[in-house]
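**Student:** I'd like to ask you about the structure that follows.
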Amino acid sequence: PFFPVEMKVKYVPPKEDVLRVLVAADPDTQDYLWTIALTIGRMSEINRLTWQDVNLEQRYIILFTRKKKGGHQTPRKVPMPDKLYEILSNRYRNRDKRIPWVFWHRFWSQKMKDWVVGPYKERKRIMRALCKKAGVRYFRYHALRHFGASILEQANVPVGSIQRILGHESRTTTEIYLHSIGDS
């Protein structure tokens with residue numbers, strides 16, 4: 001017999017709370033949060049995003065996920081709305097041409113005993129601090145994914161299109177995903 005599982009209602013922050021958190025963030029973090037929300041990407045996908053994956057001319061980005069069978073990196077093409085185009089164009093103009101990542105940082109490597117430049121691995125503490133600063137209920141980066149999916153659903157985007165943008169193999173997964181956020 002299966003063990004009992006407690007199903008929780010997924011918390012999807014209201015639009016006002018997401019915007020309050022965005023306003024509370026510094027400009028670099030705002031770019032990061034907008035990129036997650038507008039691509040409906042996973043934090044790990046945005047952390048790995050390189051300039052080679054960004055096509056400003058044709059307004060799309062390629063996100064790579066490891067959520068497919070076998071754990072191989074699987075690409076998906078995500079359209080770039082105007083706001084994301086504005087953000088990425090600005091970052092591209094002001095980038096350090098020696099650094100391939102869209103979002104990166106300089107950090108002390110315990111292993112190398114030196115300062116290293118590289119992509120973010122995780123940024124968990126930021127959301128807790130931003131939610132507190134904005135005076136809203138705490139939510140994680142993944143809630144931005146649900147938030148973005150709910151906006152697409154409210155705009156009557158077909159489930160198949162939402163499925164492709166989210167990178168789900170199964171339409172059922174997308175329907176469960178949308179059902180879990182209800183009328184948020």
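The rows are residues; the columns are (1) at pLDDT below 95; (2) among the charged types (D, E, K, R).
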| position | (1), (2) |
| --- | --- |
| Val21 | no, no |
| Ile36 | yes, no |
| Trp51 | no, no |
| Ile61 | no, no |
| Lys67 | yes, yes |
| Pro81 | yes, no |
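**Student:** At least 1 residues that are within 28 Å of Gln154 (Cβ to Cβ) in each: list the strands (runs of 3 or more DSSP E) lying fully within segment 6-125 that qualify.
**Tutor:** Values: elements: 60-65, 74-79, 104-109, 114-119.
By residue number, 60-65, 74-79.
**Student:** Hey, another quick one. Would you confirm, using the coordinates I've provided, whether Ser150 is part of a loop (DSSP other than H, G, I, E, B), farther than 17 Å from Ala25 by Cα and either in contact with an Asp or Glu (Cβ under 8 Å, 6 or more places away or on another chain) or at pLDDT below 85 (or both)?
**Tutor:** No, not satisfied.
**Student:** Within segment 86-113, restricting attention to residues that are modelled with pLDDT of 95 or more and aliphatic (A, V, I, L, M), which residue is farthest from Glu16 (Cα to Cα)?
**Tutor:** Only one residue fits best here, namely Ile99.
**Student:** Just name the residue that is least open to solvent (accessible area, probe 1.4 Å) out of those in segment 50-67 that are out of contact with any strand residue (DSSP E or B) (no Cβ under 7 Å at 6 or more places or on another chain) and touching a residue at least 40 places away in the same chain (Cβ under 8 Å).
**Tutor:** Step by step, filter segment 50-67, then rank; the result is Trp51.
**Student:** Which one of Val116, Val136 is within 13 Å of Asp17 (Cα to Cα) and among the β-branched types (Val, Ile, Thr)?
**Tutor:** Only one candidate passes the filter, namely Val136.
**Student:** Is segment 31-42 home to any residue that is buried (at least 20 other Cβ atoms within 10 Å of the Cβ), of a type in the set (Gly, Ala, Ser) and in contact (Cβ under 8 Å) with a residue 60 or more places away in the chain?
**Tutor:** yes
Okay, residues lined up against (1) among the hydrophobic types (A, V, I, L, M, F, W, C); (2) touching a strand residue (DSSP E or B) at 6+ places or on another chain (Cβ under 6 Å):
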| residue | (1), (2) |
| --- | --- |
| Arg106 | no, yes |
| Ile126 | yes, no |
| Ala134 | yes, no |
| Arg137 | no, no |
| His146 | no, no |
| Val159 | yes, no |
| Gln163 | no, no |
| Thr172 | no, no |
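**Student:** Any residue in segment 91-107 that is among the β-branched types (Val, Ile, Thr) sitting within a Cβ distance under 7 Å of a residue that is surrounded by 13 or more Cβ atoms within 10 Å (Cβ to Cβ) and assigned to a loop (DSSP other than H, G, I, E, B)? List the pairs, counting only those 6 or more apart or interchain.
**Tutor:** Val102/Leu49
**Student:** Of the residues Asp114, Asp96, only one is loosely packed, with under 13 Cβ neighbours inside 10 Å, among the charged types (D, E, K, R) and touching a strand residue (DSSP E or B) at 6+ places or on another chain (Cβ under 8 Å); which?
**Tutor:** Answer to the check: Asp114.
The values are calculated or read from the model by the stated rules, or taken from the named source; none is laboratory data. These figures come from a predicted structure and were not determined experimentally. Cβ coordinates were reconstructed from backbone atoms using ideal geometry, including for glycine residues, and neighbour counts include every protein chain displayed. Each accessible area value is taken on the protein alone, full model and side chains, heavy atoms only, with ligands, DNA and RNA left out. Shrake-Rupley method; radii C 1.70, N 1.55, O 1.52, S 1.80 Å.
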